[in-house]
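Novice: Below is the structure I would like to discuss, written out as structure tokens.
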Amino acid sequence: MTETVLEVENLQVEFKTRNGIARVLNDVGFSVQRGQTLGIVGESGCGKSMTALSIMGLVPTPPGRIAGGQIRYLGEDLLAASESRMRDLRGNEVSMIFQEPMTSLNPVFTVGEQIAESVRLHEGLNKRDARDRAVEMLKAVGIPAAERRVREYPHQLSGGMRQRVMIAMALACRPSILIADEPTTALDVTVQAQIFDLLKELQESTQTAIIMITHDMGAVAEMTERVLVMYAGRVVEDGLTTEILTNPKHPYTKGLISCVPHLEAEPKPERPPLTEIPGVVPSLTELGTGCPFAPRCNEVLPKCRSDMPVTEQTGPDHRAACWALDAKGAAA
Amino acid sequence: MNEAGPVTAPSDAPLLKVKDLCVHFHLPRKNLMTPGGTVYAVDGVSFDVPRGKTFGIVGESGSGKSTTALAVMRLVNATSGSIELNGTEMLGLEGNELRKIRRQLQIIFQDPFSSLNPRVRAGQIVREPLDLMDVGDPASRDDRVSELFAKVGLRPEQQALFPHQFSGGQRQRIGVARALATQPELIVCDEPVSALDVAIQAQILNLLRELQNEFGLTYLFISHDLGVVQYVCDEIAVMYLGRVVEQADRISLFKTPLHPYTWALLSAVPSADPARIGTERIRLQGDPPSPINPPEGCRFASRCPFATDQCHASDPPLRTIRNGHRVACHLVGDDGTAPHQSHGH
């Protein structure tokens, strides 16, 4: 039942910049089970999207370079795979949907042609069968009058419809892994709720593993079973979503959860100031040897500034990388 | 009426009174025979903003919330209606009189990247409104700029930097300082945190609240983020397709939403609050209809799960149910029973 479809181990990605080498991903590791949804959260620049691009084999090289580690899809090492093998996998076994549906669809082709393209390429269907598959996919993602819509161009569709088309395109070849990079950020909440329901339904019927990149803890709570919290290219905390939301261990995770006002069913009359995470994400070329979060951390210890914290097991399915945990553990 | 000059209103009177505001945009005709359509962006909106409070407008894209804000700023022309600031009618003001009243109202924009001139130094950006509106003598303006920088948490030497040298959160601080410069009474905040990284949003929201407490500012706060609105606003209007469909104070709006749209909107928000998980959900079908030539009757009827023939036929007026809780829905009982309650949900 729980078949591991993707394993990432010690992934290192570097970018050459004018100011030196930027370590964009550092020792990133996780695995995804069939039919499961993994969330990746963090601020912009923390490496969420770069993790996705590495899996897709789309890291721009140069200036980027995968400096080490392994990405295994059903046991196959993707980093060693040839470009033509990657082209077979992309869109077929591993698909991605992007944040902005307007800019990621081609404006001069009908949506039907765009969905049909990947099935013709990967499954060798003829034009007519590919068109039928496109209609079928549009129906599956809940687009009314699919036979008519299939002949329309992206500009004729609303934002929610375009994102549905993106999902139809990504799922047309029944991939084992779907990477959704902020799939609903550009959408209204009522439409976002529809897209979330759709993803869950489709996942149920196809057992696709979903990696959802987001910055919204609400979306994490709603959609994911497991979550990975990233900061400055490192995984600082990971584990079961319910565990992490109710009992976060890393100060960064705690900050991310409490720094945005969450909608409450019964608002209280008093409104205490929100918890702030002071400062900004550090520049990746100027990281020292210590914990990258130390300059912004409210639980910082002298050791944090000099030594990189080690990832420790903090629960049955919960890990965090923070020296303050040790200090607390020793005190208790 | 304008010659009379500003009338000093009693301090318990609302600072801003918007009445029957309409902003319609005419579309070009497609050919000679058919008339062009009209976008009813804001169509008969009325509300009062009490002094020293934060009045929120929420809604999805196309609801008219930003157009309402821009009309209050006199940055788009209202088609009809009335906007009174401190007892002075603002629609129809021109030239010097308009400039004078604009001192009392300022705006903070959504995108701190496009709302600051990249070729002007931060200090000058904050100073500009003082120069334009001729506030104080030129020498005292430097001190005022330094004071403003300190107030919003920027260092004095940062006045010499250009916008690209600041992070997103710092740029929004410059935007806040610029809005504060002329000591306005009303600040329109148009999605002030939605372009910022999650971790930075709290910094700006806390800053806005501190400044409100210190200077007794009144905010007109536009947002699509219900969590932010719930935290920041004292009184909230929910807009849908150019109309206010519900308005109440923050406690009663979130605790007892009456309009089916408000209820749907609230239940669509994914939440990490354990108390909300597993609560009754409603899913709206489809997208909001276009504000070009909207349907007769209630504008929400086409997506409303409870809509009746009456809803499709006649437009429900905004009526008061209980202390200040107003709703525009035929199906809400006079005793305040909402349709989603009476339908066994």
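The values are calculated or read from the model by the stated rules, or taken from the named source; none is laboratory data. As the structure is a prediction and not an experimental result, all values here were calculated from the model. When we count neighbours, we look across all protein chains shown, and the Cβ atoms used for this are built from the backbone with ideal geometry, even at glycine.
Novice: Can we say A:ARG128 is over 26 Å from the mean Cα position of the chain (by Cα) and not in a helix (DSSP H, G or I)?
Specialist: No.
Novice: Moving on. Quickly run through the range B:114-136 and pick out the residues that are under 19 Å from B:PRO192 (Cα atoms), touching a Pro at 6+ places or on another chain (Cβ under 8 Å) and hydrophobic (A, V, I, L, M, F, W, C).
Specialist: Hits for the range B:114-136 are B:LEU116, B:ALA122, B:ILE125.
Novice: Output the residue which, of all residues in the range B:224-267 that are within 22 Å of B:ALA195 (Cβ to Cβ) and in a loop (DSSP other than H, G, I, E, B), is nearest to the other protein chains (Cβ to nearest Cβ).
Specialist: Restricting to residues being within 22 Å of B:ALA195 (Cβ to Cβ) and in a loop (DSSP other than H, G, I, E, B), the top hit is B:HIS224.
Novice: For the range B:194-210, indicate whether the set of residues that are among the hydroxyl-bearing types (Ser, Thr, Tyr), over 30 Å from A:GLU243 (Cα atoms) and either surrounded by fewer than 22 Cβ atoms within 10 Å (Cβ to Cβ) or at the interface with another protein chain (Cβ under 10 Å from one of its Cβ atoms) (or both) is non-empty.
Specialist: No.
Novice: Just to verify a result, which residue in the range A:24-50, among those that are β-branched (Val, Ile, Thr) and more than 14 Å from A:HIS215 (Cβ to Cβ), is surrounded by the most Cβ atoms within 10 Å (Cβ to Cβ)?
Specialist: The selected residue is A:VAL24.
Novice: Please state which of the following conditions A:ALA186 fails to meet, knowing it meets all the rest: (1) farther than 17 Å from A:ILE211 by Cβ; (2) surrounded by fewer than 23 Cβ atoms within 10 Å (Cβ to Cβ); (3) not assigned by TED's automatic domain parsing to the domain that holds A:LEU53.
Specialist: Going through the list (1) farther than 17 Å from A:ILE211 by Cβ; (2) surrounded by fewer than 23 Cβ atoms within 10 Å (Cβ to Cβ); (3) not assigned by TED's automatic domain parsing to the domain that holds A:LEU53, A:ALA186 breaks only (3).
Novice: Now, a different point. Check the range A:118-125 and report whether any residue there is over 30 Å from B:LEU284 (Cβ atoms), hydroxyl-bearing (Ser, Thr, Tyr), out of contact with any Ser or Thr (no Cβ under 6 Å at 6 or more places or on another chain) and outside the structural domain of A:THR214 (by TED's automatic domain parsing).
Specialist: yes
Novice: Any idea which of B:LEU180, B:LEU161 is surrounded by fewer than 21 Cβ atoms within 10 Å (Cβ to Cβ), in contact with a helix residue (DSSP H, G or I) (Cβ under 8 Å, 6 or more places away or on another chain), at pLDDT 90 or above and on the phi < 0 side of the Ramachandran plot?
Specialist: From the options B:LEU180, B:LEU161, the qualifying one is B:LEU161.
Novice: To continue, here is another question. From the set of residues in the range A:276-300 that are surrounded by fewer than 16 Cβ atoms within 10 Å (Cβ to Cβ) and within 30 Å of B:ARG173 (Cα to Cα), which is modelled with the lowest pLDDT?
Specialist: A:GLU286
Novice: Kindly check whether there is at least one residue in the range A:305-312 that is under 24 Å from A:GLY47 (Cα atoms) and part of a helix (DSSP H, G or I).
Specialist: Yes, there is a match, as at least one residue in the range A:305-312 is under 24 Å from A:GLY47 (Cα atoms) and part of a helix (DSSP H, G or I).
Novice: Here is a list: A:GLU276, A:GLU270. Which entry is free of Cβ contacts under 8 Å to residues at least 40 places away in the same chain, assigned to a loop (DSSP other than H, G, I, E, B) and more than 9 Å from every other protein chain (Cβ to nearest Cβ)?
Specialist: A:GLU270 is the lone residue from the list that is free of Cβ contacts under 8 Å to residues at least 40 places away in the same chain, assigned to a loop (DSSP other than H, G, I, E, B) and more than 9 Å from every other protein chain (Cβ to nearest Cβ).
Novice: Just to check your reading of the model, which residue among A:GLU204, A:GLU152 is among the charged types (D, E, K, R) and closer than 23 Å to A:ILE40 by Cα?
Specialist: A:GLU204
Novice: I would also like to ask the following. Residues that are buried (at least 19 other Cβ atoms within 10 Å of the Cβ), at pLDDT below 90, touching a Ser or Thr at 6+ places or on another chain (Cβ under 8 Å) and more than 14 Å from chain B (Cβ to nearest Cβ): does the range A:71-91 have at least one?
Specialist: Scanning the range A:71-91, I find at least one residue that is buried (at least 19 other Cβ atoms within 10 Å of the Cβ), at pLDDT below 90, touching a Ser or Thr at 6+ places or on another chain (Cβ under 8 Å) and more than 14 Å from chain B (Cβ to nearest Cβ), so the answer is yes.
Novice: What are the residues in the range B:105-142 that are exposed (fewer than 12 other Cβ atoms within 10 Å of the Cβ), modelled with pLDDT of 90 or more and of a type in the set (D, E, K, R), if any?
Specialist: Listed by number, the list holds a single entry, B:ARG119.
Novice: Quick one: in the range B:88-101, which of the residues that are within 21 Å of the chain's Cα centre (by Cα) and touching a residue at least 40 places away in the same chain (Cβ under 8 Å) is farthest from B:LYS19 (Cα to Cα)?
Specialist: B:ILE101
Novice: Mind counting the residues in the range A:80-107 that are within 21 Å of A:ALA146 (Cβ to Cβ) and over 18 Å from the mean Cα position of the chain (by Cα)?
Specialist: 4
Novice: May I ask you to say which residue of B:PRO274, B:PRO317, B:PRO270 is modelled with pLDDT of 90 or more and part of a loop (DSSP other than H, G, I, E, B)?
Specialist: B:PRO317
Novice: Report whether or not A:THR285 is over 23 Å from the mean Cα position of the chain (by Cα) and farther than 30 Å from B:LEU211 by Cβ.
Specialist: The answer is yes for A:THR285.
Novice: In the range B:308-345, how many residues are crowded, with 18+ Cβ neighbours inside 10 Å and free of Cβ contacts under 8 Å to residues at least 40 places away in the same chain?
Specialist: Residues flagged as crowded, with 18+ Cβ neighbours inside 10 Å and free of Cβ contacts under 8 Å to residues at least 40 places away in the same chain within the range B:308-345 amount to 3.
Novice: Can you find even one residue in the range A:229-245 that is in contact (Cβ under 8 Å) with a residue 40 or more places away in the chain, assigned to a loop (DSSP other than H, G, I, E, B) and either more than 19 Å from the chain's Cα centre (by Cα) or more than 7 Å from every other protein chain (Cβ to nearest Cβ) (or both)?
Specialist: yes
Novice: If the requirement is being assigned by TED's automatic domain parsing to the domain that holds A:TYR231 and on the phi > 0 side of the Ramachandran plot, which of these qualifies: A:LEU89, A:LEU74?
Specialist: Only one candidate passes the filter, namely A:LEU74.
Novice: Let me ask something else. Counting only residues that are more than 12 Å from the chain's Cα centre (by Cα) and more than 29 Å from A:SER258 (Cα to Cα), give me the strands (runs of 3 or more DSSP E) lying completely in the range A:1-76 with at least 1 of them.
Specialist: Where strands (runs of 3 or more DSSP E) fall fully within the range A:1-76 and carry at least 1 residues being more than 12 Å from the chain's Cα centre (by Cα) and more than 29 Å from A:SER258 (Cα to Cα), they are A:4-17, A:20-33, A:64-73.
Novice: For the structure I just gave you, tell me whether A:PHE15 is more than 15 Å from A:PRO60 (Cα to Cα) and in contact with a strand residue (DSSP E or B) (Cβ under 8 Å, 6 or more places away or on another chain).
Specialist: Answer is no for this residue.
Novice: For the range A:184-209, how many residues are away from chain B (no Cβ under 12 Å) and either on the phi > 0 side of the Ramachandran plot or at pLDDT below 85 (or both)?
Specialist: 1
Novice: Something else about it: Kindly list the number of the only condition in (1) facing chain B (nearest Cβ under 7 Å); (2) touching a residue at least 12 places away in the same chain (Cβ under 8 Å); (3) in contact with a Lys or Arg (Cβ under 7 Å, 6 or more places away or on another chain) that fails for A:ILE257.
Specialist: Against the list (1) facing chain B (nearest Cβ under 7 Å); (2) touching a residue at least 12 places away in the same chain (Cβ under 8 Å); (3) in contact with a Lys or Arg (Cβ under 7 Å, 6 or more places away or on another chain), A:ILE257 comes up short only on (3).
One line per residue, one yes/no per condition, for (1) without any contact (Cβ under 8 Å) to a residue 12 or more places away in the chain; (2) closer than 30 Å to A:THR242 by Cβ:
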residue	(1), (2)
A:GLY29	no, yes
A:SER44	no, yes
A:GLY47	no, yes
A:ALA52	no, yes
A:MET56	no, yes
A:ALA67	no, no
A:GLN70	no, yes
A:ALA80	yes, no
A:LEU89	no, no
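Novice: In addition: Could you list all residues from the range B:181-193 that are away from chain A (no Cβ under 14 Å) and touching an Asp or Glu at 6+ places or on another chain (Cβ under 9 Å)?
Specialist: Result: B:ALA181, single match.
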